[in-house]
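Q: Quick one: structure below, then a few questions.
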Amino acid sequence: MVASVSSRVAELGLELPRAFCAPPGVEFSFDTARVTGNLVHISGHGPLDGSQILVRGRVGEDLDVRQGYDAARLTGLSILATLKELLGDLDRVSGWVKVLGFVNCAPGFNETPAVINGFSDLILELWGEQGRHARSAIGVAELPFGIPVEVEAIAEIR
Amino acid sequence: MVASVSSRVAELGLELPRAFCAPPGVEFSFDTARVTGNLVHISGHGPLDGSQILVRGRVGEDLDVRQGYDAARLTGLSILATLKELLGDLDRVSGWVKVLGFVNCAPGFNETPAVINGFSDLILELWGEQGRHARSAIGVAELPFGIPVEVEAIAEIR
Amino acid sequence: MVASVSSRVAELGLELPRAFCAPPGVEFSFDTARVTGNLVHISGHGPLDGSQILVRGRVGEDLDVRQGYDAARLTGLSILATLKELLGDLDRVSGWVKVLGFVNCAPGFNETPAVINGFSDLILELWGEQGRHARSAIGVAELPFGIPVEVEAIAEIR
């Protein structure tokens, strides 16, 4: 990588939302990310600004593929905010390993990879070669509070 | 941790079920947990006593949120039994990393985190700060043999 | 292991398909597998020959359990092709850790473990004791492009 990830974030004019947190009056019984060895396991995130849900609905019904893609990109930004809060600096993420994306699918909608690309493309734009990752894109019946996309991931840190 | 996990189990009056195993006449083509390095990967478990299913049904239809939460707690006890059998002593689990919870959801039911809390709260009661973990809570169409909850996890061992 | 995995593949008369790749005109924004430390994380695969889908449909509706099992075995062969391409030699896979199998289920079909056994049995036939792995088998609403089975996995490499 020539440029740092932080400078790429600025260059692309990306604004990070607030980090994923519990809504007022609620306490999470999980962490939004957890480090083991040189890996960070990132909890399932959605298109969130703090605890506020930015997009709801099923892809293939309430949202089309492009809107699903955009929701997956917003999910990526929420994950970046979590990593920045946890690690202090996104440049501590030295590479990506694995992504598991879930899409809230209307019956018959199965272009789940095209939706999760919204997440993967963001990571590749920022980390380049180091952003390459294994992935699955699954269509599920229900996601928490009606979010259209949920992504969990494993990344390498230094 | 001041007290050991085993003594916390006793203190809370928890009784572990029999470890997850194949029903009579069936042979599993998978292990209920598998160690790699200092991590143990735990197979998807449900609310089980040995091979016996303790709770069946969809959350939001056959079970309400509280019953789903209780099924997730029973799932946690089944996982503890598996870990005790594999490791000899629950105190060999030094921390938790990642939990992936699946909820058998009736159409329209999406409070999946409230259900999987039944698992997470048990782990936090027993391991305290070391029990903190990243997590996803997903609603799915079908779980094996109609169980309401399935949880797989990664923990650290010493 | 007495025999090498490659010689077991030959012995069983297994033919590996082409490795999982993007269809013409499409570029994947993910890798089909990714190495971190001594682990390889394998992306979700289906019953594929290169980018060509060999089996489509829902288990419990378009396919019965046995056909689902066969699709899971084909999924395993596709994963072997990916590993061979990535690592040069299947004998570099020294053991298996974790398998997450998704089954495209018709409503009411929940014998998901019997389907994913098609994958697990193949791995055990080839790696024996070293092929043992933790596993979850989940029924989902939709899989990419209507494939009946999707499997992602973690294996150890040397």
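Q: Can you name the residue in the range B:1-20 that is without any contact (Cβ under 8 Å) to a residue 12 or more places away in the chain and closer than 15 Å to B:GLN130 by Cα and, of all such residues, is surrounded by the fewest Cβ atoms within 10 Å (Cβ to Cβ)?
A: Within the range B:1-20, the match that is surrounded by the fewest Cβ atoms within 10 Å (Cβ to Cβ) is B:VAL2.
Q: Please give the number of the condition B:VAL35 fails out of (1) over 18 Å from C:SER120 (Cα atoms); (2) open to solvent by 60 Å² or more (accessible area, probe 1.4 Å).
A: All conditions are met except number (1).
Q: So is B:GLY95 over 21 Å from A:ALA33 (Cα atoms) and more than 10 Å from the chain's Cα centre (by Cα) or not?
A: no
Q: I'm told A:LEU48 meets every condition in (1) open to solvent by less than 50 Å² (accessible area, probe 1.4 Å); (2) touching a strand residue (DSSP E or B) at 6+ places or on another chain (Cβ under 6 Å) except one. Can you identify the failing condition by its number?
A: Of the numbered conditions (1) open to solvent by less than 50 Å² (accessible area, probe 1.4 Å); (2) touching a strand residue (DSSP E or B) at 6+ places or on another chain (Cβ under 6 Å), the odd one out for A:LEU48 is (2).
Q: Would you mind telling me which numbered condition in (1) open to solvent by 20 Å² or more (accessible area, probe 1.4 Å); (2) more than 9 Å from every other protein chain (Cβ to nearest Cβ) B:PHE28 fails?
A: With (1) open to solvent by 20 Å² or more (accessible area, probe 1.4 Å); (2) more than 9 Å from every other protein chain (Cβ to nearest Cβ) applied to B:PHE28, the lone miss is (2).
Q: Can you name the condition, by its number, that B:GLY108 falls short on among (1) more than 14 Å from chain C (Cβ to nearest Cβ); (2) out of contact with any helix residue (DSSP H, G or I) (no Cβ under 6 Å at 6 or more places or on another chain); (3) open to solvent by 20 Å² or more (accessible area, probe 1.4 Å); (4) of a type outside the set (Phe, Trp, Tyr)?
A: Going through (1) more than 14 Å from chain C (Cβ to nearest Cβ); (2) out of contact with any helix residue (DSSP H, G or I) (no Cβ under 6 Å at 6 or more places or on another chain); (3) open to solvent by 20 Å² or more (accessible area, probe 1.4 Å); (4) of a type outside the set (Phe, Trp, Tyr) one by one, B:GLY108 breaks only (1).
Q: Return yes or no: is A:LEU100 within 29 Å of B:LEU124 (Cα to Cα), surrounded by fewer than 23 Cβ atoms within 10 Å (Cβ to Cβ) and touching a residue at least 24 places away in the same chain (Cβ under 8 Å)?
A: Taking the combined requirement at face value, the residue does not satisfy it.
Q: Related question: Give the range A:33-43 a look and list any residue that's within 7 Å of chain B (Cβ to nearest Cβ) and of a type outside the set (D, E, K, R), or say none.
A: A:ALA33, A:THR36, A:HIS41, A:ILE42, A:SER43
Q: Answer yes or no as to whether B:GLU85 is out of contact with any helix residue (DSSP H, G or I) (no Cβ under 8 Å at 6 or more places or on another chain) and without any contact (Cβ under 8 Å) to a residue 60 or more places away in the chain.
A: no
Q: Still on this structure, please answer the following. Could you please find all residues in the range A:134-158 being within 15 Å of the chain's Cα centre (by Cα) and facing chain B (nearest Cβ under 10 Å)?
A: Taking the range A:134-158 and keeping what is within 15 Å of the chain's Cα centre (by Cα), we get A:134-138, A:143-144, A:147-155.
If the condition is that a residue be within 15 Å of the chain's Cα centre (by Cα) and facing chain B (nearest Cβ under 10 Å), then A:ILE138, A:LEU143, A:PRO144, A:ILE147, A:GLU150, A:VAL151, A:GLU152, A:ALA153, A:ILE154 are the ones that fit.
Q: Go through the residues of the range B:53-69 one by one and say whether even a single one is polar (S, T, N, Q) and over 25 Å from B:GLY131 (Cα atoms).
A: Looking through the range B:53-69, none of the residues is polar (S, T, N, Q) and over 25 Å from B:GLY131 (Cα atoms).
Q: Does any residue of the range B:143-151 turn out to be crowded, with 24+ Cβ neighbours inside 10 Å and not aliphatic (A, V, I, L, M)?
A: Yes; the residues of the range B:143-151 include at least one that is crowded, with 24+ Cβ neighbours inside 10 Å and not aliphatic (A, V, I, L, M).
Q: Output the number of residues of the range B:49-100 satisfying the condition of being assigned to a strand (DSSP E or B) and either within 13 Å of another protein chain (Cβ to nearest Cβ) or among the β-branched types (Val, Ile, Thr) (or both).
A: 10
Q: Would you confirm whether or not the range C:3-14 contains a residue that is under 21 Å from A:ALA114 (Cβ atoms) and either modelled with pLDDT of 95 or more or in a helix (DSSP H, G or I) (or both)?
A: Quick first cut of the range C:3-14, residues under 21 Å from A:ALA114 (Cβ atoms) only: none.
Within the range C:3-14, not a single residue is under 21 Å from A:ALA114 (Cβ atoms) and either modelled with pLDDT of 95 or more or in a helix (DSSP H, G or I) (or both).
Q: Looking only at the range B:59-76, filter to residues that are in contact with a Leu (Cβ under 9 Å, 6 or more places away or on another chain) and farther than 25 Å from B:ILE157 by Cα; which one of those is most open to solvent (accessible area, probe 1.4 Å)?
A: Once the filter is applied, the top-ranked residue is B:ASP70.
Q: Looking for whichever is out of contact with any Asp or Glu (no Cβ under 6 Å at 6 or more places or on another chain) and modelled with pLDDT under 95 here; the options are A:VAL40, A:VAL55, A:VAL26. Which one fits?
A: A:VAL26
Q: Considering every residue within the range A:113-133, establish whether at least one is within 12 Å of another protein chain (Cβ to nearest Cβ), without any contact (Cβ under 8 Å) to a residue 12 or more places away in the chain, surrounded by fewer than 24 Cβ atoms within 10 Å (Cβ to Cβ) and at negative phi.
A: Checked against the condition, which is being within 12 Å of another protein chain (Cβ to nearest Cβ), without any contact (Cβ under 8 Å) to a residue 12 or more places away in the chain, surrounded by fewer than 24 Cβ atoms within 10 Å (Cβ to Cβ) and at negative phi, the range A:113-133 yields at least one hit.
Q: Which ones in the range C:61-96 are closer than 16 Å to C:VAL115 by Cβ and basic (Lys, Arg)?
A: C:ARG66, C:ARG73
Q: Select from the range A:23-34 the residues that are touching a residue at least 24 places away in the same chain (Cβ under 8 Å) and under 17 Å from the mean Cα position of the chain (by Cα) and list them in ascending order.
A: Within the range A:23-34, A:THR32, A:ALA33 qualify.
The values are calculated or read from the model by the stated rules, or taken from the named source; none is laboratory data. Just so you know, these numbers come straight off a predicted model, no measurement behind them. With ideal geometry, Cβ positions are generated from the backbone for all residues, glycine too; neighbour counts draw on all protein chains shown. Note: areas computed on protein heavy atoms with side chains; ligands, DNA, RNA excluded. Shrake-Rupley method; radii C 1.70, N 1.55, O 1.52, S 1.80 Å.
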